[in-house]
1. Can you spot the lysines whose alpha carbon is less than 18 Å from residue 3's alpha carbon? Ignore those fewer than 8 places along the same chain.
2. Just in the chain: which trypsin sites (Lys or Arg not before Pro) are loop by DSSP and have at most 13 other Cβ atoms within 10 Å?
3. Name the aspartates and glutamates eligible as straight-distance cross-link partners of residue 60: C-alpha to C-alpha under 19 Å, and not fewer than 8 places from it in the same chain.
4. Note the full-extension length gain between residue 2 and residue 18 as 0.36 nm times their separation in residues minus their Cα-Cα distance, in nm to one decimal.
5. Rounded to the nearest 0.05, what FRET efficiency do residue 34 and residue 59 have when you use their Cβ-Cβ distance and R0 = 25 Å?
6. Taking the Cα centre of the chain as the origin, how large is its charge dipole in debye, to the nearest 20, when only Lys and Arg (+1) and Asp and Glu (-1) carry charge on their Cβ atoms?
7. Dividing the alpha-carbon radius of gyration of the chain by 2.2 N^0.38 Å (N being the number of residues), what value is obtained?
8. What is segment 5-62's relative contact order, in percent, from Cα pairs under 8 angstrom and six or more apart in sequence?
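Since every read-out is calculated from the coordinates, none of them should be taken as a lab result. On a predicted model such as this, the values are computed, not experimentally measured, just so you know. Don't worry about glycine lacking a Cβ; one is built from the backbone with ideal geometry, like all the others, and counts go over all protein chains shown.
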Amino acid sequence: MRKVERIDRILKLLKILWMRYPDWRLSQLIVNSIRMGKPGLIVPDIFYYEDDDLENGIKKLIGE
């Protein structure tokens with residue numbers, strides 16, 4: 001099982017990054033972070049995924 005501690009650690013970093021780039025969509029933050037961690041990795045079209053669509057998907061997953 002993965003360590004649960006990683007969740008708060010990663011969310012804290014995402015908040016710092018998003019505050020630095022508030023005009024970026026969450027998917028942009030994630031894709032750009034992935035590309036920085038693994039240069040050359042091909043990332044699917046989630047780069048252009050809108051935050052509203054992501055929020056709706058999260059709500060469906062948690063049962064709202």
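1. Within reach: 12.
2. Numbers: sites: 2, 3, 6, 9, 12, 15, 20, 25, 35, 59, 60; in loops: 2, 3, 25.
Within the chain, the qualifying trypsin sites (Lys or Arg not before Pro) (loop, at most 13 other Cβ atoms within 10 Å) are 2, 3.
3. List returned: 50, 51, 52.
4. Full-extension gain reported as 3.3 nm.
5. Working from the Cβ atoms, E equals 0.55.
6. With Lys and Arg at +1 and Asp and Glu at -1, about 540 debye.
7. Taking N as the residue count of the chain, the ratio is 1.22.
8. Values: 26 pairs, mean separation 17.3, N = 58.
Answer for segment 5-62 is 30 percent.
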